[in-house]
Amino acid sequence: MKPVVISTWKHGVDANKAAYDILKNGGNSLDAVESGVKIAEDDPEVLSVGYGGLPDADGRVTLDAAIMDWKARVGSVICVENIKNPISLARLILENTEHMVLAGDGAYDYALKNGFKPESLMTENSLKRYKEWKASDSSKPEEIHTDDFVLAKKKDINADGNHDTIGMVAVDKSGKVSASCTTSGMAWKLHGRVGDSPIVGAGLYVDGEVGGAASTGRGEECIRACGSFLIVEMMRMGLSPKEACRAAVERVVKLNLLSSKNRDHLFQVGFIALNNKGEYGAFSVRSGFQYAVYSGGKNILYDSEYLIDEEYIIEDL
Ligand code: GLY
């Protein structure tokens with residue numbers, strides 16, 4: 001059934017509405033996935049995307065975003081500051097340049113030259129949270145990104161249900177698939193850290209002959225597994241979107257165990273996938289991941305199936 005749009009987390013519900021409005025009127029999936037995730041970028045209540053996203057360890061809000069279409073056209077921005085809609089900047093790179101990725105000051109300068117207005121992305125709430133973190137023990141450099149951090153983040157996920165990156169995949173009436181992904185990344189990250197979201201093959205991937213995928217959660221673990229590319233390739237080999245997402249989650253966990261540096265059984269990664277027939281699925285490492293699907297006129301938030309129970313001892317895997 002087409003059109004269909006799928007996106008990550010509770011904030012995907014409103015994002016899906018904007019995307020589906022375009023799709024139901026015969027619009028294309030590229031326009032849909034750009035307009036959809038802009039809703040989360042503009043929302044100050046979403047603490048991990050765009051305006052109001054939590055800053056890095058230096059108190060700077062740095063954004064990553066990427067967009068990809070059925071013709072394998074890509075636009076991506078990395079670590080860009082003071083631009084509220086990095087997904088539209090990524091789209092501009094896709095449309096107007098011979099490049100795929102612009103980073104940091106270069107991305108910012110390109111935005112200003114093309115009519116984007118600089119604005120502070122810090123809100124009263126994100127500043128307050130940053131100050132609280134700065135005053136806490138966990139802001140000591142050696143403590144950043146430890147289990148404590150992940151536990152705190154996990155609590156946030158469970159408390160407000162709308163935490164983390166928004167990834168979106170859409171198929172339009174004519175069967176063309178596009179994907180987008182946008183994030184402020186891991187809160188309190190080292191300045192300059194880049195996650196999976198702007199990296200093609202990790203945070204998102206589309207092959208027009210097959211479908212697309214996108215991810216959320218701890219970007220380092222998704223990058224290691226080339227998660228979204230893996231899902232699309234497995235769908236090409238005949239797996240359903242959910243089976244492909246599950247296989248990618250298994251790979252993520254396997255590689256996490258292998259790379260002892262980041263062994264951490266509390267991390268979360270979630271994947272969504274959609275093929276060009278309109279079939280969709282999702283899967284995550286742990287419980288708590290939700291995804292929203294707009295299909296057949298209904299926009300529904302689902303709890304994802306997951307691999308590892310809370311009590312699971314990872315060493316037994
Ligand atoms: N998944 C977003 C990030 O890790 O930056």
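For the reader, a short list of remarks on this structure follows.
- Residue within segment 74-93 that is part of a loop (DSSP other than H, G, I, E, B), among the basic types (K, R) and over 23 Å from K176 (Cβ atoms) present: yes
Listed here are the residues, each with its yes/no results for (1) within 14 Å of the chain's Cα centre (by Cα); (2) more than 9 Å from the ligand (Cβ to nearest atom); (3) charged (D, E, K, R).
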{"residue": "V169", "(1), (2), (3)": "yes, yes, no"}
{"residue": "G175", "(1), (2), (3)": "no, yes, no"}
{"residue": "S184", "(1), (2), (3)": "yes, no, no"}
{"residue": "W188", "(1), (2), (3)": "no, yes, no"}
{"residue": "G195", "(1), (2), (3)": "yes, no, no"}
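- Total residues in segment 103-124, condition in contact with a Leu (Cβ under 8 Å, 6 or more places away or on another chain) and polar (S, T, N, Q): 1
- Taking the listed residues G12, G50, the one that is buried (at least 24 other Cβ atoms within 10 Å of the Cβ) and in contact with a helix residue (DSSP H, G or I) (Cβ under 6 Å, 6 or more places away or on another chain) is G50, with no other qualifying.
Residues checked against (1) surrounded by fewer than 24 Cβ atoms within 10 Å (Cβ to Cβ); (2) among the polar types (S, T, N, Q):
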| site | (1), (2) |
| --- | --- |
| I166 | no, no |
| V169 | no, no |
| D172 | no, no |
| A179 | no, no |
| V200 | yes, no |
| V210 | yes, no |
| T216 | no, yes |
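- Residue check for A213: within 14 Å of the ligand (Cβ to nearest atom) and under 15 Å from A66 (Cα atoms): yes
- Scanning segment 197-210 for residues that are within 12 Å of the ligand (Cβ to nearest atom) and of a type outside the set (A, V, I, L, M) turns up S197, P198, G203.
- The set of residues in segment 187-243 being among the aliphatic types (A, V, I, L, M), part of a helix (DSSP H, G or I) and under 14 Å from V269 (Cβ atoms) consists of I223, A225, L230, I231.
- Residue that is farthest from V210 (Cα to Cα), among those in segment 244-260 that are part of a helix (DSSP H, G or I) and among the small types (G, A, S): S260
- When K140 is tested against (1) away from the ligand (no atom under 14 Å from the Cβ); (2) more than 23 Å from N299 (Cβ to Cβ); (3) modelled with pLDDT of 95 or more, only condition (3) is not met.
- V37 being assigned to a helix (DSSP H, G or I), buried (at least 24 other Cβ atoms within 10 Å of the Cβ), touching a residue at least 40 places away in the same chain (Cβ under 8 Å) and within 16 Å of the ligand (Cβ to nearest atom): yes
- N276 at pLDDT below 95, of a type in the set (S, T, N, Q) and out of contact with any Ser or Thr (no Cβ under 6 Å at 6 or more places or on another chain): no
- Qualifying residue in segment 51-68 (condition: of a type in the set (G, A, S), assigned to a helix (DSSP H, G or I) and either within 16 Å of V206 (Cα to Cα) or more than 17 Å from the chain's Cα centre (by Cα) (or both)): no
The values are calculated or read from the model by the stated rules, or taken from the named source; none is laboratory data. Model, not experiment: these values are computed from the prediction. Neighbour counts run over all protein chains shown; Cβ positions are idealised from the backbone, glycine included.
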